[in-house]
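These notes concern the structure reproduced below.
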Amino acid sequence: MIRAFDAFSLPLLRWFDPEDAHRMAIQGLRLLPPVKPRADDHKLAVRAFGLNFPNPIGMAAGFDKSAEVPDALLRLGFGFVEIGTVTPKPQGGNPRPRLFRLERDEAVINRMGFNNDGAEAALRRLAARAHHGGIVGVNVGANKDSPDRVADYIKLIETFAPVASYFTVNVSSPNTPGLRNLQQSAALDDLLAKVIDARERVRKNAGDSPVLLKIAPDLSLAELDDVVHIARSRRVDGMIVANTTLARPSSLREQARAKEQGGLSGRPLFRLSTRMVAETYVRVEGAFPLIGVGGIDSGGAALTKIRAGASLIQLYSSLVYKGLGLVDNIKNDLASTLLRTGRDSLSEIVGADAATITAEDWPVQ
């Protein structure tokens with residue numbers, strides 16, 4: 001079914017404006033029949049953040065911003081889904097056009113600006129599907145015009161704790177002015193202290209809510225030192241590495257389109273984001289797991305990201321070019337690798353190449 005869907009939809013959607021195509025994809029997923037997904041190979045199961053993932057492949061935040069289709073995505077074989085970024089109030093985002101395909105680079109640039117239906121709508125949808133099970137994380141962010149952005153994060157933790165499998169604190173989107181300033185030491189320490197405190201306040205009634213921190217790939221290593229130190233001292237449950245980049249590699253073929261403002265994702269981000277996974281992994285020293293994101297478009301790329309230090313991975317931009325069949329392809333490749341090497345789980349290879357990767361020359365941008 002998925003291969004047939006890809007064969008029909010991928011060429012068709014490319015005829016449309018990228019944001020219109022995205023909206024059509026969401027609508028199409030809402031129409032999918034409630035078919036039970038095929039069981040995953042047990043060797044692909046991952047335990048992280050106190051949660052049991054049936055496989056390591058997640059849908060990254062940004063696709064299902066307002067929790068419209070998490071169950072459809074889980075039925076398509078994702079091991080988990082991250083909805084959002086959700087803000088307290090509904091937000092229209094930046095003016096269109098704000099989403100661009102770089103076809104020859106298999107990349108995407110976006111400057112969406114946290115467009116979403118707001119916390120109330122997303123909460124209603126997640127509460128309605130709560131009995132379905134499956135791991136659905138909530139990526140939280142601040143409204144652009146908020147007078148107190150830290151208060152926005154606290155409010156969202158308190159609001160979504162009963163229905164979120166985990167939270168992702170997004171301070172790394174390049175498309176909300178000033179948001180990345182929250183990655184600076186004093187601001188980040190204050191934010192994480194208050195977020196963790198909010199999580200603890202609601203734990204009795206809402207249960208455990210792991211808190212992850214999502215960072216930019218554009219941090220310097222000195223900045224990464226500070227971020228990891230604060231994340232560890234505030235006892236976050238994990239980190240997601242990394243968001244989109246403001247860099248524009250000289251190797252990009254779509255040079256005219258590359259001049260668009262916004263965050264770059266897809267294949268050109270792979271080497272930088274993988275290096276940042278490895279750099280983060282060696283600094284974390286096993287204190288918590290990582291989710292690797294950025295340019296994963298094959299089983300080989302997924303394996304590289306895991307060996308760099310990611311316990312779990314997330315996809316988004318590559319699906320624009322490879323289709324939903326990519327999820328099964330990656331799972332099959334990972335399972336085959338485990339079988340061929342005589343390993344019982346992916347945890348045996350997480351971070352195996354991290355030290356080697358961090359010793360290499362920095363990826364050319």
ask   = What accessible area per residue comes out for the chain, rounded to a whole number of Å², with a 1.4 Å probe?
value = 42
request  = Tally the DSSP beta bridges in region 52-138 and give the antiparallel ones as a percent, rounded to 5.
outcome  = 50
inquiry  = So, R0 is 41 Å and r is the distance between the beta-carbons of Ala39 and Glu360; what FRET efficiency does that work out to, to 0.05?
reply    = 0.60
Exposure ranking of Arg23, Arg98, Arg267, Arg253 by accessible area [1.4 Å probe, largest first] = Arg253, Arg267, Arg23, Arg98
Candidate lysines for bridging to Lys155, where Cα separation is under 27 Å - those fewer than 8 sequence places away on the same chain excluded = Lys65, Lys89, Lys144, Lys194, Lys204, Lys214
key: Highest-first arrangement of 180-187, 61-68, 233-240, where packing means the average Cβ count within 10 Å   = 61-68, 233-240, 180-187
ask   = From Cα coordinates alone, what are the radius of gyration and Dmax values for region 222-364 in angstrom?
value = 15.6, 47
request  = Give the cross-link partners of Lys43 among the aspartates and glutamates, using a straight C-alpha distance below 14 Å as the criterion and excluding same-chain residues fewer than 8 apart.
outcome  = Asp333, Asp344, Glu348
request  = Would you work out if region 270-348 is rounded, prolate or oblate? Take a ≥ b ≥ c from the square roots of the eigenvalues of the alpha-carbon gyration tensor; rounded if a/c is under 1.5, else prolate when a/b is larger than b/c, oblate otherwise.
outcome  = oblate
ask   = With θ set to phi - 60° and the Karplus curve 6.51 cos²θ - 1.76 cosθ + 1.60, what are the ³J(HN,Hα) couplings of region 346-362 in order, to the nearest whole Hz, using x for Gly and Pro?
value = 5, 4, 6, 10, 4, x, 4, 10, 4, 4, 5, 5, 6, 8, 6, 4, 5
request  = For n ≥ 4 DSSP H runs only, could you compute -39500 (n - 2.57) per run for the chain, divide by its residues and tell me the 222 nm figure to the nearest 500?
outcome  = -12000 deg cm²/dmol
note = By the C-alpha gyration tensor axes a ≥ b ≥ c (rounded if a/c is under 1.5, else prolate when a/b exceeds b/c, else oblate), the shape of region 20-109 is prolate
For Ile135, distant residues with modelled amide H under 5 Å away = Val81
key: Residue-by-residue Karplus 3J(HN,Hα) for region 129-143, coefficients 6.51, -1.76, 1.60, Hz, glycine and proline x   = 9, 4, 6, 6, x, x, 8, 10, x, 10, 8, 10, x, 9, 5
message = Report the gain in length on full extension from Ala352 to Leu51: 0.36 nm times residue separation, minus Cα-Cα distance, nm rounded to one decimal.
response = 106.1 nm
ask   = Check Gly118: other-chain or 5+ apart residues with amide H under 5 Å from its amide H, H built from backbone geometry?
value = Thr87, Gln91
query = In terms of the Cα gyration tensor, with a ≥ b ≥ c the square roots of its eigenvalues, is the chain rounded because a/c is under 1.5, prolate because a/b exceeds b/c, or oblate?
reply = rounded
DSSP beta bridge pairing in the chain, given as percent antiparallel to the nearest 5 = 35
ask   = Considering only protein heavy atoms and a 1.4 Å probe, what is the carbon-and-sulfur percentage of the accessible area of the chain?
value = 52
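The values are calculated or read from the model by the stated rules, or taken from the named source; none is laboratory data. Everything quoted here is computed from the prediction, not taken from an experiment. So basically every Cβ, Gly included, is an ideal-geometry build from the backbone, and we count neighbours across all protein chains shown. Just the protein is used for accessible areas: all its heavy atoms, side chains included, with ligands, DNA and RNA removed. Shrake-Rupley method; radii C 1.70, N 1.55, O 1.52, S 1.80 Å.
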